[in-house]
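Participant: The structure under discussion is supplied below as structure tokens; questions concerning it will follow.
The values are calculated or read from the model by the stated rules, or taken from the named source; none is laboratory data. Since we're looking at a predicted model, the values are computed, not measured. Here the Cβ positions follow ideal geometry from the backbone for every residue, glycine too, while neighbour counts run over all protein chains shown.
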Ligand code: DSN
């Protein structure tokens, strides 16, 4: 029988089915994306989307909140346990809202904040001039050393002493190395600043025990949930217990109205999944697979920012006289390899053009690709970049990508790999697609 969506809205149904096909036939290498489990998708698509629940568990403004209280309490306690934090607020709709909530809880307009600059890898909410963060607060930026392309701690300390920020933000969207949260804490303590660690990118690696946790070194930790943590789209904040009142007030009623309880239910499932032993194996595989990809790209003669990676992502710096990031990412997508253009340290091109491409292993690892297959992916990437305008090469690589992906799907089915990926509509009702 046709699904409700197919009957009522064939146009949206067709787009969903096509997206499912894209997710199965292309290799997803954007390091901020992932495949949530079937259980996460089920909770996210559940009736909990119906409920208004302003407030917090057992302190709501509406009746009928027994079951959303249950899932929100579960999400909070699972988050606290997973990250060994004093308090968790799981209501932020995104990583951006999570960051905004901490700023609202700790700063006044005009206050000075330090964060990583955008071309070194920082996020829009870490003081990009086009973002509310720079419009409301006085951001001072630290960056990477031009030689090593790693954080320049002498610069961090010098800027902190000079500007006396009220808050120091760590974390990034495009930094391929470990974060030394303890060194940032030392500097923050010296100048009397608070420390907020934005772990949106590496949260799954921290949960899986393969990356250091900032929880002992930062008063606030913010994150999105859909990247390495493999949850629904959303955010959360962790903080010391004594800071919870101001933080909760900043999220609601300060910033948001009714929480998205269906998403919170899916976050609860995600926190539970991330606490299982196989999630630690997943996190280790994400790191190993990214290292295999980096090694292959270096072997193929490409330049990587900072010379490699310690995490789930890497940045290819394209030659100054070569293609732009925009052209390279478009050619790769035509070959079934989905990456994103990205600025690299000291980039002179705009963020819409860029001199780099960013890629990583979280989604393809969830899909089931292993280290040897990441080496093959690396060779395919290099082949496309060497023949950028050659559509025949793109078509040949796209065919190899489809074969590689379908072999991985068959292996998953044979070995019943956990967690199961989404069930495509085609598998439910093949005759109807
Ligand atoms: N857009 C996200 C990323 O791709 O890293 C950051 O919010």
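Participant: So which residues in region 24-42 are over 11 Å from residue 226 (Cα atoms) and within 16 Å of the ligand (Cβ to nearest atom)?
Facilitator: Within region 24-42, 28, 29, 30 qualify.
Participant: Residues in region 194-207 that are surrounded by fewer than 24 Cβ atoms within 10 Å (Cβ to Cβ) and touching a residue at least 60 places away in the same chain (Cβ under 8 Å): how many?
Facilitator: Total satisfying the criteria: 1.
Participant: On to the next question. Could you list all residues from region 400-425 that are over 22 Å from residue 279 (Cβ atoms), at pLDDT below 95 and touching a helix residue (DSSP H, G or I) at 6+ places or on another chain (Cβ under 7 Å)?
Facilitator: Matches in region 400-425: 424, 425.
Participant: Whether any residue in region 43-53 is away from the ligand (no atom under 16 Å from the Cβ), surrounded by 15 or more Cβ atoms within 10 Å (Cβ to Cβ) and under 21 Å from the mean Cα position of the chain (by Cα) is what I want to check.
Facilitator: yes
Participant: Hey, among the residues in region 227-247 that are away from the ligand (no atom under 16 Å from the Cβ) and out of contact with any strand residue (DSSP E or B) (no Cβ under 6 Å at 6 or more places or on another chain), which one's farthest from residue 124 (Cα to Cα)?
Facilitator: Applying the filter and picking the extreme gives 242.
Participant: Further question on the same structure: Does residue 144 count as under 15 Å from residue 180 (Cβ atoms), more than 14 Å from the ligand (Cβ to nearest atom) and buried (at least 23 other Cβ atoms within 10 Å of the Cβ)?
Facilitator: So residue 144 passes the test.
Participant: Any residue in region 152-164 that is within 12 Å of residue 192 (Cα to Cα) sitting within a Cβ distance under 9 Å of a residue that is assigned to a loop (DSSP other than H, G, I, E, B)? List the pairs, counting only those 6 or more apart or interchain.
Facilitator: Going by the 9 Å Cβ cut-off, the qualifying pairs are 160/193; 164/192; 164/193.
Participant: Now for a separate question. Just a yes or no: is a residue in region 215-226 within 16 Å of the ligand (Cβ to nearest atom), assigned to a loop (DSSP other than H, G, I, E, B), at pLDDT 95 or above and under 14 Å from residue 94 (Cα atoms)?
Facilitator: Yes, some residue in region 215-226 is within 16 Å of the ligand (Cβ to nearest atom), assigned to a loop (DSSP other than H, G, I, E, B), at pLDDT 95 or above and under 14 Å from residue 94 (Cα atoms).
Conditions tested, residue by residue: (1) without any contact (Cβ under 8 Å) to a residue 60 or more places away in the chain; (2) within 21 Å of residue 195 (Cα to Cα).
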| position | (1), (2) |
| --- | --- |
| 60 | yes, no |
| 77 | yes, no |
| 88 | no, yes |
| 96 | no, yes |
| 102 | no, yes |
| 105 | no, yes |
| 112 | yes, yes |
| 117 | yes, yes |
| 123 | no, yes |
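Participant: What tally of residues in region 192-214 results from selecting those that are more than 14 Å from the ligand (Cβ to nearest atom), farther than 15 Å from residue 275 by Cβ and either assigned to a loop (DSSP other than H, G, I, E, B) or at pLDDT below 95 (or both)?
Facilitator: Residues flagged as more than 14 Å from the ligand (Cβ to nearest atom), farther than 15 Å from residue 275 by Cβ and either assigned to a loop (DSSP other than H, G, I, E, B) or at pLDDT below 95 (or both) within region 192-214 amount to 5.
Participant: Additional query: Using beta carbons and a limit of 6 Å, which pairs, at least six apart or on different chains, have the first residue in region 15-34 and under 15 Å from residue 311 (Cβ atoms) and in contact (Cβ under 8 Å) with a residue 24 or more places away in the chain and the second one assigned to a loop (DSSP other than H, G, I, E, B) and within 16 Å of the ligand (Cβ to nearest atom)?
Facilitator: 29/339; 31/312; 32/227; 34/230
Participant: A follow-up question, please. Of the residues in region 172-191, how many are surrounded by 24 or more Cβ atoms within 10 Å (Cβ to Cβ) and within 16 Å of the ligand (Cβ to nearest atom)?
Facilitator: So the count comes out to 5.
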